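The values are calculated or read from the model by the stated rules, or taken from the named source; none is laboratory data. It should be emphasised that the depicted structure is a prediction, and the values quoted were computed from it without experimental measurement. Note that we place each Cβ from the backbone using ideal geometry, even for glycine, and neighbour counts take in every protein chain shown. Only protein heavy atoms, including side chains, enter the accessible area calculation; ligands, DNA and RNA are left aside. Shrake-Rupley method; radii C 1.70, N 1.55, O 1.52, S 1.80 Å.
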Amino acid sequence: MRLSVIDEFAGMARDRWWAARAAALLASAVLALAACGGGDYSGGTATGGNNNNSGGGGGGSFADSQAFFDARVAPGLGVCRTCHLPGGVANAEGQPGRRFVLAPESASAVEQYNRLKQSWEALGGGVESSRILTKASNTDAEPHSAGALWPVGSVPYASMRILLACWDNPAGCAALLGGAGGGGDPELPPLLGGPRGGNVWANFCADKDDDTPLPRDPRTLIVPGVNEGKAVAFNAWWMACDNLVPRPQTCGQLREQAALGAFVALGHGEIGSPTSFAGGNPNADGLEADKYNNLWRDWGLSARPDNFDQLVAERYGSPASPGRNPYPLPGEDPNVEKDCDGDGPLPASTGGCGQLPAVFTQLREPNGRWRGEIGQKVCVFCHSGQIDSDLDWPGKGPQIAGAGSIGDFTVAGYDFGRAEGLANTTPTNAITISTNRGTGAIDFFQLAFVLFSGGDPELLMNDKILFSQAIGNIKSPPWWNLAYRPQKFHGAILPTDSSRIDLAAYYDLIAGFSGGDPMAWVDQHAGPFQTWAETLASPTWPAGYCSKADGTPGPGDAPQCINRPLAEQGAILFHAKDLWAPQLENPVPRPDQGNGSCASCHGVYSPRYAHDPAYLDTPELMGVAAYVLPMSIVGTDPVYASAMQSLRNRDGSVSPSIMNQPIAGYCGLGEASRTPNNTPVLLAPPLWGIWAAAPYFHNGSVPNIWGVLDPDRERPRIWRRVSAPARADQVGKVVMGFDTHFERAYDPDKLGWKYETLSCGAPGTQPLLACDPTDENRPSPVQQLLGLLYTQVGITWNLPRPEGMTMTQQDIENRKIYNTHLYSQGNQGHAFTRVLTDAERRALIEYLKTL
């Protein structure tokens, strides 16, 4: 037996923490076995114990069981205490854990000892048979919901075993304690904390010189066989691509590339700032400033409002520009110096006194001369948001490169087209990309392959492109998690290192169709852009931990402060609760790999579990999510995942016309192209900053995290986010965007933006066309027929529809409505979390605030 223990511990010693833990465990086990004669305890009825608190026993022995508890058992109870306190998730109504209730850490040592002993007695006593041991080691007939917190033979397990043996047989306790040894378990890594996004290179180089070599990228470790048999599953592998700009090798190269990438993303008014479908082409077309200044006429206003710049941002759903983003106001020459704010003259290159929102930029000549024309930046429309707050915290403000959920570039395109003189009844875009504010068909590769091919006849004649399923509406994932994904997009469609696709919206279409070389600009900027995106960290929650020990707010705490004890409970549940434990009878098929917890698909975020070799091969993989699951398990709206399989032939192969497409196919496809029998799949995303990424699911159909975790409630059929309040004199006259003020519009208990539920027949819901007024739980017959059409001939979904031919104020307001009855917008799925209790959901939500 001792030999097997030694062998077990040799395999555990994979880093310094585990080595220290294994050494302490080995010493404890050998001493305990020597003292106990092999540990043959008979169980029996508890007869009490010595509660004298005489202090810890050094020198290899303890004076009594209280001293042993203080030194050896109490340090291991912290992980249990996170859930097994009065009011904890394990002690909620109906939970079997209600018989195991610990005293809080603030209680005296005697009280903690007595409370544990009372729980042991309530559970029936015993030693090896005690449910305290069988539950914590997950060897019980009913598996522990938090998994094996104390594996058999571990330090906490061995220490608790000795204490229970003392209680079970007080007469033999002295002999047990005499050989138990002094000291305690090596300190465990914390449950909460971590890098909160930002790739390992950016974190490493924060205080390093330019010539410092970069460490390895943890994603390169994601290869077949990595993490096999672990609690966290990986099956979406890393693939390196042949990019024109190689990945950086030193901190200096990282900074240089990130600076160029930031210019691509955030360039506003700088020479060469890219614009939609033109890259950095200095001859790109833009809307003349005079026409831009008169957009208010087409809005139906009687005069140019004094808050015109704000109303532009509201109408089109744009975050504020992080810095100066000038344009000329009426009558201004952008190249003439002017004192805009009265604080002194601006330089001659002022650009004007107006301030554009982040989705627009003024164009400039290569010599620096302002053109007085406004171009669009579609990437910002899709991948950005805004969080306003009265509090002073670093996470607020424009969320450039965040989870896009506020933009409406369809409305902006319509307004710009009308300003150019197009008739109101003429579609301003050749195709429809978005039917809702904050969503769009941005992964429509079938159509993208045609647009970015320069007119390749093989693609134009490919029936797989036309007769393929439309992907419908999806929501952009945040760029701040890109460094933790080996593959891209919701469906693992491309390798993450396939950087060209990131700048598809800046591909110069005019050059592509006129024989130019649009790929030259893309190749020079795509790699650096990706490097920049991977350095981004997610925004912090707007308040720290509550100052009171019980997790409730104390004096000076913000109302949104995080309840640390509850968050720690959530960390354990997130990483260890098996949602498919037999007693839960989860009807959803179990994933093939992992321990059945949230972390098994979404990755590890707690330092404690990241350093546990049962979870990860190396702590370097902390925060990485690389697991694709079949739709039979995910269960969300199937349109997108099924449409991605239309890139493959029936035999699973991929057409050469797709693989040879330079903007996307040059590095091959991702895991979605290799599933057996063309099985549709989705990639579980990393969760850094998930609290700031509402609404949820790949199509944005669920307004908050509570709805994600509770499939039976908080999933409205037809709903609309709350809009920002208009100024009193403008109510009913202007279009306002979604309200992004945190204290006013965010729900910290449910983790998502507030919304209102609508019924079929409410303004904008189009009864009989968009919903069935006779049964609000099903789509209208018209929508069912349209769904069949979009499934068979995908490009029909992209044709302009009657509601897109005009953009009245009511039409734009209607685009804020999310109707789950429409094609691709279903809110089903993630049903395996139905087995959670409300207490567990609250703990998980509190934990997600810390990411």
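Table: residues versus (1) of a type outside the set (A, V, I, L, M, F, W, C); (2) under 25 Å from the mean Cα position of the chain (by Cα).
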position	(1), (2)
L363	no, no
N367	yes, no
G375	yes, no
C382	no, yes
I400	no, yes
A419	no, no
N436	yes, yes
F444	no, yes
P457	yes, no
(message) For the stretch 262-287, which positions are buried (at least 19 other Cβ atoms within 10 Å of the Cβ) and either on the phi > 0 side of the Ramachandran plot or outside any loop (DSSP other than H, G, I, E, B) (or both)?
(response) A262, F263, V264, A265, L266, G269, T275, F277, G279, L287
(request) Answer yes or no: is there a residue in the stretch 725-744 that is without any contact (Cβ under 8 Å) to a residue 24 or more places away in the chain, among the charged types (D, E, K, R), part of a loop (DSSP other than H, G, I, E, B) and under 24 Å from V359 (Cα atoms). (result) yes
(request) Please indicate, with yes or no, whether at least one residue in the stretch 582-592 is at pLDDT 95 or above, among the basic types (K, R) and not in a helix (DSSP H, G or I). (result) yes
(request) Any chance you could count how many residues in the stretch 280-297 are at pLDDT 90 or above and farther than 18 Å from P326 by Cα? (result) 2
(message) With the requirement that a residue be open to solvent by 30 Å² or more (accessible area, probe 1.4 Å), outside any loop (DSSP other than H, G, I, E, B) and charged (D, E, K, R), what does the stretch 677-724 give you?
(response) R720
(message) Go through (1) within 19 Å of L191 (Cβ to Cβ); (2) among the hydrophobic types (A, V, I, L, M, F, W, C); (3) open to solvent by 20 Å² or more (accessible area, probe 1.4 Å) for V89 and report which single condition fails.
(response) (3)
(message) Take D290 and tell me if it is in a loop (DSSP other than H, G, I, E, B) and surrounded by fewer than 16 Cβ atoms within 10 Å (Cβ to Cβ).
(response) no
(request) Identify, from the list E105, E93, the residue that is of a type in the set (D, E), under 23 Å from L573 (Cβ atoms) and under 32 Å from the mean Cα position of the chain (by Cα). (result) E93
(request) Considering only residues that are open to solvent by 10 Å² or more (accessible area, probe 1.4 Å) and small (G, A, S), look in the stretch 556-592 and name the one that is nearest to K750 (Cα to Cα). (result) A558
(message) If I ask for residues that are part of a loop (DSSP other than H, G, I, E, B), farther than 17 Å from R131 by Cβ and modelled with pLDDT of 85 or more, which ones from the stretch 76-115 would you list?
(response) A103, P104, A107, S108
(request) Could you check K117 against (1) under 21 Å from A549 (Cα atoms); (2) over 33 Å from the mean Cα position of the chain (by Cα); (3) open to solvent by less than 50 Å² (accessible area, probe 1.4 Å) and say which number it fails? (result) (1)
(request) Kindly list, by first and then second residue, each pair from a residue in the stretch 309-325 that is outside any loop (DSSP other than H, G, I, E, B) to a residue that is modelled with pLDDT under 90 and open to solvent by less than 40 Å² (accessible area, probe 1.4 Å), limited to pairs with Cβ atoms under 8 Å and residues at least 6 apart or on different chains. (result) Y316/F381; Y316/F409
(message) Between S321, S302, which is of a type in the set (S, T, N, Q) and in contact with a His (Cβ under 6 Å, 6 or more places away or on another chain)?
(response) S321
(request) Please enumerate the residues belonging to the stretch 745-757 that are open to solvent by 10 Å² or more (accessible area, probe 1.4 Å) and either touching an Asp or Glu at 6+ places or on another chain (Cβ under 8 Å) or part of a loop (DSSP other than H, G, I, E, B) (or both). (result) P748, D749, K750, W753, K754
(request) Please state which one of L102, L191 is under 27 Å from V835 (Cα atoms), without any contact (Cβ under 8 Å) to a residue 60 or more places away in the chain and surrounded by 16 or more Cβ atoms within 10 Å (Cβ to Cβ). (result) L102
(request) Please work out which one of (1) within 22 Å of S137 (Cβ to Cβ); (2) open to solvent by 20 Å² or more (accessible area, probe 1.4 Å); (3) at pLDDT below 95 is the condition P553 fails and give its number. (result) (1)
(request) Inspect all residues belonging to the stretch 128-142 and state whether any of them is at positive phi and buried (at least 18 other Cβ atoms within 10 Å of the Cβ). (result) yes
(message) So, N660, is that one without any contact (Cβ under 8 Å) to a residue 40 or more places away in the chain, open to solvent by 30 Å² or more (accessible area, probe 1.4 Å) and not small (G, A, S) or not?
(response) yes
(request) Only residues in the stretch 243-261 that are open to solvent by less than 40 Å² (accessible area, probe 1.4 Å) count as the first member; pair them with residues that are basic (K, R), Cβ under 8 angstrom, at least 6 apart or cross-chain, and list the lot. (result) N243/R500; C251/K208
(message) Based on this model, can you work out whether A303 counts as within 27 Å of the chain's Cα centre (by Cα), assigned to a loop (DSSP other than H, G, I, E, B) and farther than 25 Å from N335 by Cβ?
(response) no
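Listed here are the residues, each with its yes/no results for (1) at positive phi; (2) surrounded by fewer than 24 Cβ atoms within 10 Å (Cβ to Cβ).
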position: G344; (1), (2): yes, yes
position: F381; (1), (2): no, no
position: D390; (1), (2): no, yes
position: K396; (1), (2): no, yes
(message) Of the residues L346, L356, only one is at pLDDT 95 or above and either hydrophobic (A, V, I, L, M, F, W, C) or closer than 21 Å to Y746 by Cβ (or both); which?
(response) L356
(message) Condition (residue is at pLDDT 90 or above, of a type outside the set (K, R), in a strand (DSSP E or B) and more than 30 Å from G198 (Cβ to Cβ)) applied to the stretch 387-404: is it met by at least one residue?
(response) no
(request) Name the one entry in R778, R842, R834 that is of a type outside the set (S, T, N, Q), in a loop (DSSP other than H, G, I, E, B) and open to solvent by 50 Å² or more (accessible area, probe 1.4 Å). (result) R778
